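Shown next, in structure tokens, is the structure this report addresses.
The values are calculated or read from the model by the stated rules, or taken from the named source; none is laboratory data. As the structure is a computational prediction, the values presented were derived from the model and not from experiment. Heads up, the Cβs are rebuilt from the backbone with ideal geometry, glycines too, and the neighbour counts pull from every protein chain shown.
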Amino acid sequence: MTRTNALILGMLAWLLPAASGQSIQYNASKKIWLLNSQTSSYAIGVKADGSLRHLYWGAPLWRMDDIASPVDRRELSSFDPPEMLENDEYPGWGGTRYYEPSVKIVRENGNRDLVLRYASHQIRGNELDIELKDIRDDIRVTLHYRVYPEYGILRRSSTVRNATARPIVVESAQSAVWHMPPGEGYRLSYLNGRWAAETQLVREPIHPGDKVLESRKGHTSHNFNPWFAIDTGDADEEHGRVWFGALAWSGNWRFTVEQTPYRQVRVTGGYNTFDFAYPLKPGESLDTPAFYGGFSERGFGAASRALHNLERAEILPGGLTSRLRPVLYNSWEATTFNVNEAGQRELADKAAKLGVELFVMDDGWFGARNDDHAGLGDWFVNPKKFPQGLKSLIDHVNGLGMDFGLWVEPEMVNANSDLYRAHPDWVMNFPDRPRSELRNQMVLNLARSDVKEYIFGVLDKLATENNIRYFKWDMNRPFSEPGWPEVAPADQRKLWVEYDRNLYEILDRLRAKHPKLEIESCSGGGGRVDLEILKRVEEVWASDNTEAFDRLRIQEGFSQAYTAKIMSAWVTDVPNQNGRSTSLAYRFLVAMQGALGIGSNLNRFSAADTELATRMIATYKRIRATVQGGDLYRLSSPRTEDLTANQYVAADGRQSVLFAFRHSQQYNTAPPTILLRGLDERAIYKVELVTGRLAETQTEFSGAYLMRAGLNLTLRGDYDAAAVILERM
Ligand code: DGJ
């Protein structure tokens, strides 16, 4: 077949189902479903005995007839039963299944066997529900599928329903199992880290056995982020097959990556099974979090872009109609807890002159909050620091043409607070056991409805009485002693689920009541970043580490899963973490790759700093639609190269921006030529340097030249940086 024919067939493969509006096809005689998007297909079938089998996930297929109905596998030995050789789409724990189950229950009488069979299904547009039922009892599981044809992504989740007359307890409820095509030699990518070192990208071969990525901490966590990618071991940013997924849950979650002895590789993910027990009375049900999955034939870059596009269009509040992120100033690194009206006014005056659009006052404005030992829980303004209340400062900030934002940490309480003195029982705790404090604070039990109402009330009052455009919602410690003594012992572990449901409810109600309010999710940096919180917030704080060189790797990992639009990135003072000092221009260019913020102490800015910052902010406003809404191409990685290079291409292709950072030049070596991506090879681009120098002398180049011959930046010494804007002529 010629390359052209192959291309046409490939195009047809995804155009046909999408164009006919049939992203989901069903063949009734074969009992097979084919779910199609522009870049992937997914097939499931029912076996003769009624069990549901995964059949295919990968590059697009268009011919239903190609897919065979699932058949029985022969027992290999009494130790390798047929169930182990087949890819069960959503296995209950029962019968001869010894791998990670999708759902595990226990009945009142101790019976734990659950074997699920197809019962019915329903297709509505891009959505498919398949209902399964236990072979004996009326315990039902509905599998939900939603295809996003234009983004190449499938959303999956499940609902476990107790339709029997007796109570059951759900011990494991997973959102989905994602199966790779049978084989070996796969490689897993995931995001690992800790406080101030989040989203470090790890790539390692998948070996036989299980690998667990999880949070047991009550929040999404800094240690692992609920994202994975699996490739055939040879993919790079531009090439190769990549299967990827991201779970939408901000509480305890778990991915189990399994390679079995039968050439099966799969990822099971959903609620963490650790300490999990969710009782269901007759008629009750449990919904699992959404698990989004996609496939790319064009490497890790296309996989990330698919997620970025989905987030901007389908996940973030307001979708594509939401505004571009404003340039933000945050007081934290400048003043820490020492906030007061005069000091904040002074910073606001300076920030406004630089071109800042949103002024955020961080920690220290409330209760007896002079350090981290007191005040959390007392969300009334400190009268010594703000004798005229917040209004006077907010009016001043608004008068300067900026919106006002406020830091809050609603889920927490200090022992030294009026709230804790009044309601010590509101903290999650095991009676008569110590209550562990971290950063001198405890976690309120948000699973309780009185706590939920209190938190909603406090925030609603603040937003009603003041012109607050933005809350920075922080959460500075994980759970401990997650007891809920007020409910029956059997119900206490529901806390792991109800806490987050109430968190989401508060955010939803606040947003509904204050439609202009925007929210940032922060958890001591990037501890609460996931696709479910993203439905309710405009920005996230990726890390408390604002040191620009460290930030390159944090941002590289972050960008695997999340769009630059939500990534709050600040320019701060030096020396910073690691005692490192980089130039102000370098720090700006690092932060300009996300939603730009300034966290410096502006009182220390020299005239030259002020001039540079003003110019950089103006430049950022010119390019932010490209950075926040465009396609990201990671051209060179800080993990493996002496040069980090990222390029953003505007959605309409008219502008592109290249950022490049040299780490440490040795032997007087020139940096490598940078080959750009995503341009129109026939178009001519005008090249403009934001900072840095080009070896080339002309300023106009064809897309073909830029992508094939490339640009040569003269980056010298340590921590040199440059940025180039390309405007299509
Ligand atoms: C942790 C956050 O990540 C910081 O940005 C800052 O808001 C502090 N908390 C305030 O206590």
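Quick look at the values:
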read-out: Subset of segment 464-488 [within 16 Å of the ligand (Cβ to nearest atom) and touching a Ser or Thr at 6+ places or on another chain (Cβ under 8 Å)]; value: TRP473, ASP474, MET475, ASN476, PRO478
read-out: Residues within segment 439-485 that are closer than 30 Å to GLY401 by Cβ, assigned to a loop (DSSP other than H, G, I, E, B) and touching a Leu at 6+ places or on another chain (Cβ under 8 Å), tallied; value: 3
read-out: Condition check for LEU534: of a type outside the set (Lys, Arg) and over 12 Å from the mean Cα position of the chain (by Cα); value: no
read-out: Boolean, GLY405 is within 15 Å of the ligand (Cβ to nearest atom), on the phi > 0 side of the Ramachandran plot and crowded, with 16+ Cβ neighbours inside 10 Å; value: no
read-out: Failed criterion for GLY389 (all others in (1) buried (at least 18 other Cβ atoms within 10 Å of the Cβ); (2) away from the ligand (no atom under 14 Å from the Cβ) hold); value: (1)
read-out: Residues of segment 408-434 that turn out to be in contact with a helix residue (DSSP H, G or I) (Cβ under 9 Å, 6 or more places away or on another chain), more than 16 Å from the ligand (Cβ to nearest atom) and among the charged types (D, E, K, R), as a count; value: 0
read-out: Meets criteria (within 16 Å of the ligand (Cβ to nearest atom), at pLDDT 95 or above and surrounded by fewer than 23 Cβ atoms within 10 Å (Cβ to Cβ)) for LYS353; value: no
read-out: Residue under evaluation ASN382, criteria (1) surrounded by fewer than 20 Cβ atoms within 10 Å (Cβ to Cβ); (2) within 33 Å of the chain's Cα centre (by Cα), criterion not met; value: (2)
read-out: Filtered residue count, segment 89-113, keeping only those that are over 33 Å from the mean Cα position of the chain (by Cα) and either assigned to a loop (DSSP other than H, G, I, E, B) or crowded, with 20+ Cβ neighbours inside 10 Å (or both); value: 9
read-out: Only listed residue being under 30 Å from SER77 (Cα atoms), at pLDDT 95 or above and not aromatic (Phe, Trp, Tyr), chosen from VAL339, VAL265; value: VAL265
read-out: When residues of segment 359-377 are limited to those that are crowded, with 22+ Cβ neighbours inside 10 Å and away from the ligand (no atom under 13 Å from the Cβ), the one farthest from PHE471 (Cα to Cα); value: GLY377
read-out: 1 or more residues under 26 Å from SER600 (Cα atoms) and in contact (Cβ under 8 Å) with a residue 24 or more places away in the chain: qualifying strands (runs of 3 or more DSSP E) within segment 334-438; value: 358-361, 403-408
read-out: Strands (runs of 3 or more DSSP E) wholly inside segment 661-729 containing at least 1 residues that are in contact with a helix residue (DSSP H, G or I) (Cβ under 6 Å, 6 or more places away or on another chain) and hydroxyl-bearing (Ser, Thr, Tyr); value: 684-691, 718-728
read-out: Qualifying positions in segment 554-581 - closer than 9 Å to THR199 by Cβ and acidic (Asp, Glu); value: GLU556
read-out: Condition check for PHE255: under 30 Å from ALA447 (Cβ atoms) and buried (at least 23 other Cβ atoms within 10 Å of the Cβ); value: yes
read-out: Residue ranges of strands (runs of 3 or more DSSP E) in segment 257-323 with at least 2 members in contact with a Gly (Cβ under 6 Å, 6 or more places away or on another chain) and not polar (S, T, N, Q); value: 290-296
read-out: Test: residue in segment 63-83 that is in contact (Cβ under 8 Å) with a residue 12 or more places away in the chain and within 31 Å of the chain's Cα centre (by Cα); value: no
read-out: Residue among LEU347, LEU307, LEU324 that alone is closer than 30 Å to VAL627 by Cβ, of a type in the set (A, V, I, L, M, F, W, C), modelled with pLDDT of 95 or more and within 16 Å of the ligand (Cβ to nearest atom); value: LEU347
read-out: Of all residues in segment 392-402 being touching a helix residue (DSSP H, G or I) at 6+ places or on another chain (Cβ under 9 Å) and hydrophobic (A, V, I, L, M, F, W, C), the one that is farthest from the ligand (Cβ to nearest atom); value: LEU400
read-out: Residue tally, condition of a type in the set (Asp, Glu) and over 31 Å from the mean Cα position of the chain (by Cα), over segment 324-359; value: 3
read-out: Unique match (being buried (at least 22 other Cβ atoms within 10 Å of the Cβ) and among the basic types (Lys, Arg)) among ARG493, ARG511, ARG477, ARG501; value: ARG477
read-out: Any helices (runs of 4 or more DSSP H) falling wholly within segment 521-635 and containing at least 2 residues that are within 16 Å of the ligand (Cβ to nearest atom) and in contact (Cβ under 8 Å) with a residue 60 or more places away in the chain; value: 548-561
read-out: SER296 closer than 22 Å to GLU150 by Cβ and in contact with a strand residue (DSSP E or B) (Cβ under 6 Å, 6 or more places away or on another chain); value: yes
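One line per residue, one yes/no per condition, for (1) at pLDDT below 95; (2) among the hydroxyl-bearing types (Ser, Thr, Tyr); (3) farther than 27 Å from ILE315 by Cβ:
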| residue | (1), (2), (3) |
| --- | --- |
| TRP93 | no, no, yes |
| ASP113 | no, no, yes |
| SER120 | no, yes, yes |
| GLU127 | no, no, no |
| ASP138 | no, no, yes |
| ARG155 | no, no, no |
| VAL160 | no, no, no |
| THR164 | no, yes, yes |
